[in-house]
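Have a look at the structure below, then the notes.
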Amino acid sequence: MRDSMNLQIDVFERRTSADVIFDHLRGEIGSNRLPPGAKISEVDIAEKFGVSRQPVRDAFNRLANQDLLLIRPQKPTEVRKFSLSKIRQARFIRLAVELEVVRIACGVQDSRRTDAMGKNLERQRRAVDADDIERFHELDYDFHKQICELSGQGMMFETIQFYKAKVDRLCMLSLGQASEASDLLQDHRRIFDAISAAKVKVAERAVRTHLSRLDETIREIREEHAEYFED
């Protein structure tokens, strides 16, 4: 019985370590502190966190499943480069989901949730004013999640989040400029105002504009950093 309990504790501790490492590396990759093409080592990460290589391997595999790491036999593990074909597919699916979520949200009257969205927008404004891009990025996620919850489609945020993650690194590269974050904030305000006024067509146009901003970002980043792309 004691051996069984020890095994359960070991498994729990290993899973927790893997979660911590996964969250850390996802943050580093998402913020481009680990840019596309960067090499990372299981040994180095294990030493940094003071753990064995197993939880590191588990975290690496989860990141690979999210298309954030490229793991190849007998070759260094590296941060996955951008794929234009995958980005286009991700944007198509995300747009289809968000348009439907916003359409439903326009028909819902829930002052508690819309008040929360208004407070989120104010926090976004403060983050933009302080040039705190990482904080703005967090609030951006929360804002889109709140729309899903308002529409009664909270589970849909998991789909949005999955496909959003595929392009967020590109967004973070463009958010280095305060004007980019300011534009996104204005988009969020237009979406919020349209939902609050139950103007479906206006809300849909605002969502399309919001998601189309990546087109210029992709063009500029490909010109400046062609090495970040695999196709």
Label-reachable residues, region 111-139, where backbone N falls under 19 Å from a point 7 Å from residue 33's Cα toward its Cβ: 131-139
For residue 206, net neighbour charge (Lys/Arg +1, Asp/Glu -1) across residues whose Cβ lies under 13 Å away: +3
In range of the label at residue 158: residues from region 47-73 whose backbone nitrogen is under 16 Å from the point 7 Å along Cα→Cβ: 66
More than 23 Å apart - percent of Cα-Cα pairs taken over region 53-204: 45
Extended-chain gain in nm, criterion 0.36 nm per residue less alpha-carbon gap, residue 223 and residue 99: 41.6 nm
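Let me know the shape class of region 145-196, please: from the alpha-carbon gyration tensor, a ≥ b ≥ c as square roots of the eigenvalues, rounded when a/c is under 1.5, otherwise prolate if a/b is greater than b/c, or oblate. Please report the intermediate quantities before stating the final value.
On the way: a/c = 4.36, a/b = 1.27, b/c = 3.43.
Judged from the Cα gyration tensor, region 145-196 comes out oblate (a/c at least 1.5, b/c at or above a/b).
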Extension gain (nm, one decimal) between residue 130 and residue 41, 0.36 nm per residue minus Cα-Cα: 28.6 nm
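Compute, for region 158-231, the length of the dipole vector about the Cα centre, with Cβ point charges of +1 (Lys, Arg) and -1 (Asp, Glu) only. Units Debye, rounded to 20.
Working: 12 positive and 15 negative charges, 117 e Å.
Here region 158-231 has a charge dipole of around 560 debye.
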Region 92-136 residues near the modelled residue 199 label - backbone nitrogen below 20 Å, point 7 Å along Cα→Cβ: 99-111, 114-115, 117-119, 121-122
Projected label distance in nm at residue 215 and residue 108, using a 7 Å step from Cα toward the beta-carbon: 3.0
Normalised contact order of region 158-231, rounded percent, pairs of Cα under 8 Å and 6 or more residues apart: 30
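222 nm [θ] for the chain, helices only, -39500 (n - 2.57) per DSSP H run of 4+, per residue, to 500?
-25000 deg cm²/dmol
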Those lysines that a straight Cα-Cα span of less than 29 Å connects to residue 39, excepting residues fewer than 8 apart in one chain: 48, 75, 81, 86, 164, 166
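No value in this document is a laboratory result; all are computed from the given coordinates. Note that the coordinates shown come from a computational prediction; the quantities given were computed from them, not determined experimentally. Neighbour counts are summed over all protein chains in view; Cβ atoms, including those assigned to glycine, are modelled from backbone coordinates with ideal geometry.
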